[in-house]
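The values are calculated or read from the model by the stated rules, or taken from the named source; none is laboratory data. In this text the structure is predicted, and so the values were computed from the model without any measurement. Because the Cβ atoms are built from the backbone with ideal geometry, glycine has one as well, and the counts that use them run over all protein chains shown. SASA here: full protein model, heavy atoms, side chains in, ligands and nucleic acids out. Shrake-Rupley method; radii C 1.70, N 1.55, O 1.52, S 1.80 Å.
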Amino acid sequence: MAYKNYILVCAGTACESNKGKALYEALQKEIAAAGVEAEAQLVKTGCFGFCEQGPIVKILPDESFYVKVGPKDAHEIIAEHIVKGRKVERLLYKEDKPESDPRSSDISFYRKQLRIVLRNCAVINPEIIDEYIARDGYAALEKALFEMTPDEVVKEVTDSGLRGRGGAGFPTGRKWQFTKNTPADQKYIVCNADEGDPGAYMDRSVLEGDPHSVLEAMTIAGYTVGANCGFIYIRAEYPLAIERLNTAMAQARDYGLLGDKILGTDFSFDIEIRLGAGAFVCGEETALLASIEGNRGMPVPRPPFPAVKGLWGKPTVINNVETYANIPVILLKGSKWFSSIGTETSKGTKVFALTGKINNSGLIEVPMGTTLRDIIYDIGGGIAGGKEFKAAQTGGPSGGCITAAFLDTPIDYESLQSIGSMMGSGGMIVMDEDDCMIDVTKFYLEFTVDESCGKCAPCRIGGRTCYNILDRISKGQGVPEDLQKLKDIGHAMRKASLCGLGQTAPNPFMSTMKYFEEEYRAHIEDKKCPAGKCKQMLTYTIDPEKCVGCTACARRCPVSCISGEVKKLHVIDQSKCIKCGQCYAACKFDAVKKV
Amino acid sequence: MAENAACCACSESLSEEETARQLEEILEEYRDKPGGLIPALQIAQSRFGYLSETVLKKISAAFNKPYSEVAGVVSFYSFFSTVPRGKYLVRACLGTACYVRGGKAVLSALKKELGIDVGQTTEDRLFSLDVGRCFGACGLAPVIMVNDDVHQRVKPSKVGELLKAYAAGEKGDAQ
C-alpha cells in the first residue's frame with residue numbers, strides 16, 4: 001500500500017496544546033471531503049523538535065515544511081497541495097536568508113543535527129506498534145535474544161562508549177555488568193523518567209514520540225542482567241507520555257514482545273508504570289527507588305550502588321530515558337558505528353532542550369563535541385530580538401553558566417565540567433543582556449532550597465543561608481564579605497552533602513561568581529543592577545525630552561506618585577515610588593527610564 | 001493505572017458509604033503490591049479530590065503501617081493534599097524557561113484574578129492555585145496547566161478569559 005503523499009502532523013504536547021488536535025481532525029475531514037483517502041495518508045507523529053514554529057505539518061515525499069498551521073489552513077493544504085500539487089507558499093517555513101529552501105532537511109535548524117535518539121520522533125505514529133516495527137523496531141531485541149549472549153550485549157554496550165544521559169555520565173555497559181555479575185534471586189530494571197530539571201523536556205518528547213524504543217531497551221537490559229521485572233518512574237506532570245506508554249505496553253504485550261515468554265523464548269519480562277508525586281529529589285536514583293518502594297523519596301548514601309543493592313535490596317539497573325533510547329540502535333548498528341560519533345571521551349549524540357531567549361526554541365540532537373556557537377547561532381537562529389548573548393545555562397539547578405568566552409568549546413561531559421558547568425540532563429537555557437545573573441542564580445537556589453529533602457544539614461542549612469545572602473544582594477543590602485561567605489558555604493556543601501542535589505546546589509552561584517564577578521560587585525558596591533532586573537535597586541525617572549504629558553503613567557501608578565498635568569512634563573516622586581514598573585510598561589514614548 | 005494523580009476530578013462529594021466502598025476497592029488492588037502505598041494514595045486522591053484523615057487512617061490500617069508513616073509520605077510529596085481542593089487545579093509553571101519569559105507575571109495575574117494565594121482554593125471550590133516546576137513545554141513558555149490541559153504562551157492579560165471558560169463549564173482550550 002503506497003500512498004502518493006504522507007501528511008505528518010505533530011502530536012507532541014507543544015503542538016497538541018496549540019490546536020494541534022483540531023488541526024488533525026480538520027485535515028482528516030478535508031481529506032475525506034476531497035476524496036483523496038487513497039492518495040494521502042495522514043500520520044500523527046511525535047515531536048518535530050521545532051516547537052517555536054508549531055503546530056507543524058510536513059508533507060512527504062517533497063519534504064514541504066509547513067509551520068504555525070491552524071485548523072483553518074487544513075482546507076488549503078489539502079485542496080492545493082494534495083489535490084493540485086501546488087505548495088501553499090504562505091505556510092512554508094522561511095528562513096531569513098535569500099537562498100532559503102523549503103525542504104525540511106535543508107533548514108538550518110535541522111542541518112547540523114544528528115537524530116539517533118530522536119530517530120523515530122516526527123516520523124512514526126507513536127500509538128501504532130507496526131510503524132515502530134517497520135523502522136527496525138524490536139529487531140534489536142530479537143538479535144539480543146537469538147544471536148547474542150548476555151555477555152556479548154554487555155560488551156557491545158560497553159564498547160560503544162555510551163554514558164548515562166541523566167547527567168552524571170556513568171558508563172552504561174559497566175553498570176549493566178555490575179548488576180549482571182551480582183548473584184540474586186530477583187533483579188530489577190528501572191527507567192528514570194522523573195525529568196525534574198526545569199527547562200528540560202527531552203525525555204518527555206522521547207516517551208511521547210517513540211515509547212517503544214524505551215520498552216525495547218528495558219527488555220534487552222532485563223535479558224542481559226537476568227531481570228524479569230521493570231519499572232518506569234515517570235512524572236505525573238506528563239499525562240500524554242503516560243497515556244502513550246500505556247498504549248505501547250498493551251500493544252507490545254499483544255505482540256508477545258513484553259510479558260511471558262517473549263518471542264517464544266523462555267525469557268519473560270514485564271514493565272509497570274509508577275507515577276511521581278511531585279518531589280524533585282526523586283530524580284536522584286536512590287531517592288527514586290525509595291519512592292517506588294512506597295516511602296518518602298529520600299536519598300541514601302552510596303555505596304552500595306543500586307547496581308548491586310537497589311530496589312528492595314536487589315541488584316537494579318537504573319538508567320534514564322535517553323540512555324535507553326540509544327540501546328536498540330547500538331545493538332543493530334554496532335558499537336563501532338556508535339563510537340565513531342562524538343569526542344574522545346563522550347560518544348554518540350546528546351539531546352538538548354534549547355529554550356529561553358533564543359529564536360528557534362525547541363528540541364535538538366547533536367553529536368557530542370558540537371560547539372555552543374553552532375547550537376545557538378546555526379541551529380537556534382541566534383538570540384531573540386537581536387540582543388547580545390550573555391550566557392547559556394546547562395545542567396539545571398545543579399549546573400552552571402557557559403559564557404561567550406566559551407562559545408567555541410566542543411560540548412562533552414569533561415569540557416563542560418572543566419568550565420564549571422555540567423552536561424546535566426540536557427536543558428539549555430539561553431540568556432541575553434536583559435537577564436541578571438544574580439536574579440537567575442537566586443531562582444535556582446530557591447528551587448533547590450525548596451526541593452531539599454532536609455535529611456542532611458549541609459544541604460538544608462547551607463542552601464537556605466546562601467539563598468538569604470543572594471536575596472540580600474539582590475535587594476541592594478549586600479556587603480563585600482558576602483562573596484567569600486558564599487564560596488565557603490558552597491565548598492562545604494559540595495564536600496559534605498549526602499546526595500547529588502546538595503553537592504551540586506552551589507554550582508549556579510559558584511559558576512556565576514566566577515564569570516560574572518563584576519555583576520556581583522555592581523550589586524554589592526554600587527547598589528546597581530546592570531541588567532535592570534533587581535527592582536529594588538532601580539530608579540525610574542522620566543526623560544523631559546521625550547515626555548509628551550499623555551498622563552498614561554500617572555493613571556497607572558498604583559501609589560499615585562507621578563505628578564504632572566496634561567501635555568506637561570510628568571515627574572516621579574522617588575520617596576513614594578514602590579518600583580513596580582507599571583509606568584515603564586505604560587509609556588508609549590520611551591520616556592520612562594530605569595537606571 | 002489509568003487514572004491520573006494530578007487531576008482532581010471530584011465534582012460532587014460522595015456519600016460516606018460510597019467513599020468507603022470505593023476506597024475498599026482501591027485497597028483491594030494495591031495492599032499486597034510491593035510499594036503499593038503511593039499508587040493507592042494517588043488513586044484515592046484522584047477519586048476523592050483530597051486525602052482526609054479518615055481515608056488516610058483506613059489506608060494505613062490496610063497497609064499495616066503506622067498512621068505517622070503514611071502521613072509522613074503524604075506530607076513529603078507536593079501532589080498530595082489533605083485539604084479539599086478545587087475542581088480545577090491551576091498550576092503556573094515557574095521553571096527556568098517560563099521564568100525568563102515572564103512566568104511570574106502570569107502567576108501574579110492568576111492570583112489577582114482568583115483572589116487567592118498559591119496553595120489556596122477559591123470559596124466556590126472551583127479553582128485551586130499552585131506553582132509547577134516545569135511541565136516540559138518550555139518551547140511554549142510561559143505555560144500554565146489546568147488539570148491536564150496545557151495552555152501555552154499565556155499572557156497575563158488573557159488569564160481572566162481563560163479561567164472564565166472553565167468556570168462556564170466548558171473545556172476552555174478552544175479546541
| remark: Scanning region B:60-81 for residues that are away from every other protein chain (no Cβ under 11 Å) and open to solvent by 80 Å² or more (accessible area, probe 1.4 Å) gives B:ASN64, B:TYR67, B:SER68
| message | Being open to solvent by 20 Å² or more (accessible area, probe 1.4 Å) and either more than 16 Å from A:THR409 (Cα to Cα) or of a type in the set (Ser, Thr, Tyr) (or both) is the requirement here; does A:GLY385 meet it? | response | yes
| field | Among (1) of a type outside the set (Asp, Glu); (2) in contact with a helix residue (DSSP H, G or I) (Cβ under 6 Å, 6 or more places away or on another chain); (3) in a loop (DSSP other than H, G, I, E, B); (4) within 14 Å of chain B (Cβ to nearest Cβ), the one test that A:VAL206 misses | value | (3)
| message | surrounded by 21 or more Cβ atoms within 10 Å (Cβ to Cβ) and either in contact with a Pro (Cβ under 8 Å, 6 or more places away or on another chain) or of a type outside the set (A, V, I, L, M) (or both): which single residue out of A:ASP266, A:ASP210 fits that description? | response | A:ASP210
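State all residues of region B:83-123 that are assigned to a loop (DSSP other than H, G, I, E, B) and either under 20 Å from B:LEU140 (Cβ atoms) or open to solvent by less than 30 Å² (accessible area, probe 1.4 Å) (or both); if no residue qualifies, say none. First the steps, then the outcome.
Within region B:83-123, the subset assigned to a loop (DSSP other than H, G, I, E, B) is B:83-87, B:94-95, B:101-102, B:115-120, B:122-123.
Listed by number, the residues that qualify are B:ARG85, B:GLY86, B:LEU94, B:GLY95, B:ARG101, B:GLY102, B:ILE116, B:THR122.
Taking strands (runs of 3 or more DSSP E) that do not extend beyond region A:28-107, which have at least 1 residues that are within 34 Å of the chain's Cα centre (by Cα) and farther than 19 Å from A:CYS10 by Cβ? Walk me through how you get there before you give the answer.
Numbers: elements: A:40-45, A:57-60, A:64-66.
Hits in region A:28-107: none.
For (1) within 14 Å of another protein chain (Cβ to nearest Cβ); (2) assigned to a loop (DSSP other than H, G, I, E, B), each residue gets a yes or a no:
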| position | (1), (2) |
| --- | --- |
| A:GLU272 | yes, no |
| A:THR286 | no, no |
| A:GLY294 | yes, yes |
| A:PRO303 | no, yes |
| A:PRO306 | no, yes |
| A:ILE318 | no, no |
| A:PRO328 | no, no |
| A:PHE338 | no, no |
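If you take the residues of region A:357-378 that are touching a Ser or Thr at 6+ places or on another chain (Cβ under 7 Å) and not charged (D, E, K, R), which of them is modelled with the lowest pLDDT?
So the first thing to find is which residues in region A:357-378 are touching a Ser or Thr at 6+ places or on another chain (Cβ under 7 Å), and the list is A:361, A:363, A:365-369, A:371-372, A:378.
Now narrow it down to the ones that are not charged (D, E, K, R): A:361, A:363, A:366-369, A:371-372.
Values: A:SER361: 87, A:LEU363: 92, A:VAL366: 96, A:PRO367: 97, A:MET368: 96, A:GLY369: 95, A:THR371: 95, A:LEU372: 94.
By that ranking, first place goes to A:SER361.
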| query | Identify, please: which residue in region A:393-422 is at pLDDT below 90, within 17 Å of the chain's Cα centre (by Cα) and open to solvent by 10 Å² or more (accessible area, probe 1.4 Å) and is, among those, farthest from the other protein chains (Cβ to nearest Cβ)? | reply | A:MET422
| query | Under 6 Å by Cβ, and 6 or more places apart or on different chains, what pairs join a residue from region A:9-21 that is more than 9 Å from chain B (Cβ to nearest Cβ) with one that is charged (D, E, K, R) and surrounded by fewer than 24 Cβ atoms within 10 Å (Cβ to Cβ)? | reply | A:VAL9/A:LYS44; A:ALA11/A:LYS44
| request: Answer yes or no: is there a residue in region B:128-147 that is in contact (Cβ under 8 Å) with a residue 60 or more places away in the chain, assigned to a loop (DSSP other than H, G, I, E, B) and more than 8 Å from chain A (Cβ to nearest Cβ). | output: yes
| Of all residues in region A:24-41, which are touching a strand residue (DSSP E or B) at 6+ places or on another chain (Cβ under 9 Å) and open to solvent by less than 30 Å² (accessible area, probe 1.4 Å)? | A:LEU27, A:ILE31, A:VAL36, A:ALA40
| field | Out of A:ALA236, A:ALA217, sole residue that is of a type in the set (Gly, Ala, Ser), farther than 20 Å from A:PRO328 by Cα and either out of contact with any Leu (no Cβ under 7 Å at 6 or more places or on another chain) or at the interface with chain B (Cβ under 9 Å from one of its Cβ atoms) (or both) | value | A:ALA236
